[in-house]
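Input: a single structure, listed below in structure tokens.
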Amino acid sequence: MARPRSHKHKDLPTGLVYRKDRASYVFTRIDGSTKNLGKDRKRAKSLAFQYNATFRVDPELYHEVSYSKVESEPNKISKVTIGELLPAIFTKISEDKEWSSKTLKGHQCRFNLILTFFGEMMPDSISLPDVNLFLKESNPTDSKGVFNRYLGLLKLIFNYCVSDSIMKNNPANKKIRRTMIAKDEAEIIRLTTQDFAAIHKHAGLQGIQWLQIAMELSLQTSHAVNEIAKLKYIDIEEYISIQRDKNKKTAASRVKIPMNYELEDIVQRSKDGIDSPYVIHFLRQRRYLNRPLAAGLEHPTQLRNEKISRAFSDARDELRLFDHIENKEDRPSFHDIRSLSIQLQEASGHDAQKRAAHSQRASTEVYKKGYVQWNEVADVVIDWREQPDKDDHK
């Protein structure tokens, strides 16, 4: 006679037992063979119930299966784990949302963690406690931003699952986004023209001409490192044509900046004899020439955004300009050149919004009547070499 089940395991269906020696649930089929169902109690119970409903049916309830009815309602009961279905769901979402490559890369990393955590569960066994545990484990530093990004993607994925009848409801919808508190404007440390000039000079003394060129282009065009790193010589004729990647679906994302004497000088100084299609470029060391290009690069002389930003931050810290700010992430970065450019233009009476393609307006059709619309902006030269009398650090 079999031992009676403990109170803890009385709810386990026929054939399913918990093996302490394996620290997992083991199921015995009607032919005597066994199957290890892992550590997830809910999943093990769900699989056992489904098996028993098919093979351990009382003779009085047995009937021939009507396959026409089963095929007409295939999604009522999912017999596969959610991990087998999520990759196709994520692909569908990516195609619908048309994320930029950078956004897609971030979501792909988060999706991989979601797949690892929920992959072995049955779709309708996922509950709010499971969602809470995932959000806790995926965000060990308790960052509000990280929490919201994971929750947002989880809600989106599960909503698609509900829409495709994979899940009956979305437990993630019961979670509330955490409130992000904007940094006090008085706490923001701005990059000044003195800081810009000092870092620019230091880069020259270190022989990093490409950083000087990148800094000057960012200041004169009001664009960030992502656009500056991608700028090619073929984009430059009478105008510099730049498309801002962040809001590329909007009409404001494409700008044509007139070539003036300052921009012409920058472009000419960038031509240093290195054969490269990119304005911001460098020559790899010989030992690295045969190595494959890093992800996102198209040419051996192209620089990654991170390399440009890191070179700027290294020069900033070597000069000890912002040592009073303990957290390096709060110190002005390469991106703050864009802010400095906008501030200097506004101070001189120019409207910088159009030049910077800095728009939060709703997305509009980019292509109209077979051509792409570019926004021509005013010819502005930003004279950063003139040092203001006022010390902006005080």
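The values are calculated or read from the model by the stated rules, or taken from the named source; none is laboratory data. These numbers come from a predicted model, not from an experiment. All Cβ positions, even for glycine, are placed from backbone atoms using ideal geometry, and neighbour counts span all protein chains on display.
For segment 211-248, residues that are in contact (Cβ under 8 Å) with a residue 60 or more places away in the chain, out of contact with any helix residue (DSSP H, G or I) (no Cβ under 8 Å at 6 or more places or on another chain) and assigned to a helix (DSSP H, G or I) total 0. Residue count for segment 116-130 under the criterion of being aliphatic (A, V, I, L, M), surrounded by 16 or more Cβ atoms within 10 Å (Cβ to Cβ) and not in a loop (DSSP other than H, G, I, E, B): the result is 0.
Determine whether segment 302-318 contains at least one residue that is touching a strand residue (DSSP E or B) at 6+ places or on another chain (Cβ under 7 Å), modelled with pLDDT of 85 or more and closer than 14 Å to Ala214 by Cβ. Checked against the condition, which is being touching a strand residue (DSSP E or B) at 6+ places or on another chain (Cβ under 7 Å), modelled with pLDDT of 85 or more and closer than 14 Å to Ala214 by Cβ, segment 302-318 yields at least one hit. Residues being exposed (fewer than 12 other Cβ atoms within 10 Å of the Cβ) and closer than 22 Å to Glu237 by Cβ are represented in segment 296-314 by at least one member. Which residues, taken from segment 14-55, are aliphatic (A, V, I, L, M) and either in a strand (DSSP E or B) or modelled with pLDDT of 85 or more (or both)? Leu16, Val17, Val26, Leu37, listed by residue number.
For the residues Asp330, Asp336, the requirement of being of a type in the set (D, E, K, R) and buried (at least 16 other Cβ atoms within 10 Å of the Cβ) singles out Asp336. Every test in (1) modelled with pLDDT under 85; (2) surrounded by fewer than 17 Cβ atoms within 10 Å (Cβ to Cβ) is passed by Asn226 save one, and that test is (1). For segment 158-170, filtering for residues that are buried (at least 18 other Cβ atoms within 10 Å of the Cβ) and either among the β-branched types (Val, Ile, Thr) or not assigned by TED's automatic domain parsing to the domain that holds Leu128 (or both) leaves 1. Considering segment 265-276, the residues that are under 18 Å from Asp383 (Cα atoms) and either within 35 Å of the chain's Cα centre (by Cα) or touching a residue at least 12 places away in the same chain (Cβ under 8 Å) (or both) include one that is surrounded by the most Cβ atoms within 10 Å (Cβ to Cβ), namely Ile266. Restricting to segment 144-199, and then to whatever is small (Gly, Ala, Ser) and either outside any helix (DSSP H, G or I) or touching a helix residue (DSSP H, G or I) at 6+ places or on another chain (Cβ under 8 Å) (or both), can you tell me which residue is modelled with the lowest pLDDT? Per the criteria, the residue is Ala182.
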